[in-house]
1. Relative contact order for segment 222-377 using alpha-carbon pairs under 8 Å, separation at least 6, rounded to a whole percent?
2. Using alpha-carbon positions, what is the distance between the centroids of segment 136-169 and segment 390-416, in Å?
3. With unit charges on the beta carbon (Lys/Arg positive, Asp/Glu negative), name the residue among Y455, P574, N226 whose Cα is farthest towards the positive pole of the charge dipole of the chain.
4. What is the distance in Å between the Cα centres of segment 12-42 and segment 544-595?
5. Leaving out same-chain residues fewer than 8 places away, which lysines sit with a Cα under 21 Å from that of K190?
6. Tell me, what HN-Hα J-couplings in whole Hz come from the Karplus equation 6.51 cos²θ - 1.76 cosθ + 1.60 at θ = phi - 60° for each residue of segment 262-275, using x for Gly and Pro?
7. Which listed residue (L565, P597, S507) has the Cα farthest towards the positive end of the charge dipole for segment 491-614, taking +1 on Lys and Arg C-beta and -1 on Asp and Glu C-beta about the Cα centre?
8. Give me the net charge for the shell around M389: Cβ to Cβ below 10 angstrom, other residues only, Lys and Arg +1, Asp and Glu -1.
Amino acid sequence: MSTQAPETREFQTEIRQLLDIVIHSLYTDRDIFLRELVSNGADAIEKVRYLQLTGEAVKDQDLSLEISIATDEAAQTVTITDTGIGMTKEELTENLGTIAHSGSKAFIKHLAEGQKQDLNLIGQFGVGFYSAFMVADKVTLTTRSYRPDAQGYVWESEGTGSYTINEIEDSTRGTQIVLHLKEDAQDFAKEETVKRIIKQYSSFVPYPIVLNGNKVNTVQALWTKNKTEISEEEYNEFYKYLANAYDEPLFRLHFSSDAPLSLNALLFVPQDNTEQWGFGRMEPGVNLYCKKVLIQEQAKDILPEWMRFVKGVIDSEELPLNISRETMQDSALVQKINKVVTSRFLKFLGEQAESEPETFKGFYDKFGVFLKEGAANDFTHRNEIIKLMQFESSKTEAGKTTSLADYITRMSEDQSSIYYVNGPNREVIEAGPYLEVFRDKGYEVIYTKEAIEDYVLSLLGEFQGKKLVSADQAELDLPGLETPGDEGLNEEDIQTLTTWLKDILGSKVTEVRASKRLIDSPALVLSAYGTHSMQRMMQLANRDLGQTSPSILEINSRHTLMKELNALRAAEDPFAQIAAEQIFENARIAAGLIVDPREMVNRLYGILERALKKS
Ligand code: ADP
Ligand code: MG
């Protein structure tokens, strides 16, 4: 009985759009609505259990924690009831009607981009509740919060523009959802249909699901069972339940450890990296249990942040039940678990790279970005992560990669360091002057195509006892590299030419010197601050077109261009200065630095004019 006039409210725009798609979709696999509603019920029960464990006052303390489903063919309804935390009026309007999560927008976008309207992913976007409207033309939801002095409410909607909220007399804790089934969805009022769907999607819900009075799921903590007792299918179903996924995981790791601490872990890597699709940052995906009791869903500090793409369960009997989000971070035990599980996971990935290189490559293409993030930020595991990193190099085919360890096996006898160079892509790196000397010596060079990779390698400094050296580093100490012989400019000319160049280029350079590493190119620039990728980052950050970050200019004293330049200089031809400036700009372009095009275009016209006159 209502104690107040019903209140009508409008859905927010994004929810309206979403509902419009859900209602009118021709989507055939509508079964998933049940998975979504059951999983909401299970979430709500999980929260009650947690409140009870931590000693919070909860209404109807002794109510059994379960989800019951009733089908009614005559009334054409299916009703899902849980004894979870329920919702207050504020929570109702917040959770069902407003975009509580950014998910609805992203989901609409995802649907718009897809070939077919695949609503299967709805749960992953945090808007699973609305899938009820795939099968129902009216949803009546009755809810009563666990808070002792809360009020009960009925929320009702036909899924069009609005919903109503109505206060009710006192009721027991939890939520009941009645779905008034559409004409074409009568099948869902049949017990056997519902039973089949629950078996398919909800076998791993950790609370009893009671259908018309009979329990239909076997509640079990799969991760505590022996590996040999678990079938492939059970693992996959568990993953689908856990990750709201519809496909199978890419990798699975199930292990237990006794020392240094006792734990069970079951981890999965999904098929896809949703961050790559642009859906924002993932939440952590691992739930923390103590002896099968859920302590924290999507626990934050149990694994390093970069491992947020991993879904699964960690169960350790050593954890205190009442550990809170705040105390997690400081707990030495949590840190220990973090280290054990992360190291085991990295070791597992290493094994996959060995035994299933193709699958691992697929994994790396999608999830390598997380490994790079880890290598940059996770000091504890950096050395292990780096072993998994993959790079193209001067000795791999385009598109193929190598690890640092494999690189070492190919090192020349007289080579003591690992060399790497940064550039936007293979073509640009190979066209540049930096590889020349390495090519000549037959040394392999790693190509880092992202600034973060370059950063990680410079951070690391060395790998398995070999120094990591940036190939565009100013001071390059290559074994057996000789100063060019007499076919080039002589010492005296070099001295005059470099002094003259330094004069002309002024503050743009800190030094001009003869190069020990150029073979085919006339000149190159080196960063006066470490490497070019660092300098490029500084340029971007300071919106600096390059005039204020000086370089070291190295010239190839054997190159015809340099010999000609020196002759012009000696003859005091004013064109020598123009040529010198252009050579310097070209070297900057080859280094991937940003140059000011305006000045250069005018200079080039001058050069063209002279060239055309001569010919
Ligand atoms: P998600 O479950 O990913 O948060 P949903 O659209 O399924 O997204 O549900 C939205 C929110 O509505 C939930 O986060 C929860 O706060 C609330 N909710 C839904 N169903 C229930 C329920 N049975 N009991 C309590 N709260 C619920
Ligand atoms: Mg949900």
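The values are calculated or read from the model by the stated rules, or taken from the named source; none is laboratory data. Not measured: the values here are computed from a predicted model. As a convention, Cβ positions derive from the backbone with ideal geometry for all residues, glycine included, and neighbour counts pool all protein chains shown. Just so you know, the surface numbers come from the protein's heavy atoms only, side chains and all, with ligands and any DNA or RNA stripped out. Shrake-Rupley method; radii C 1.70, N 1.55, O 1.52, S 1.80 Å.
1. Working: 214 pairs, mean separation 30.7, N = 156.
Once normalised by length, the contact order is 20 percent.
2. A separation of 63 Å, based on Cα centres.
3. P574
4. About 65 Å separates the Cα centre of segment 12-42 from the one of segment 544-595.
5. In chain and number order, the partners are K138, K182, K199, K215.
6. Working through the residues one at a time gives 8, 7, 10, 9, 10, 10, 10, 10, x, 6, 10, 9, 5, 5 Hz.
7. Final value for the positive-end residue is P597.
8. Numbers: positive: K372, K387; negative: E453.
Net charge in that neighbourhood comes out at +1.
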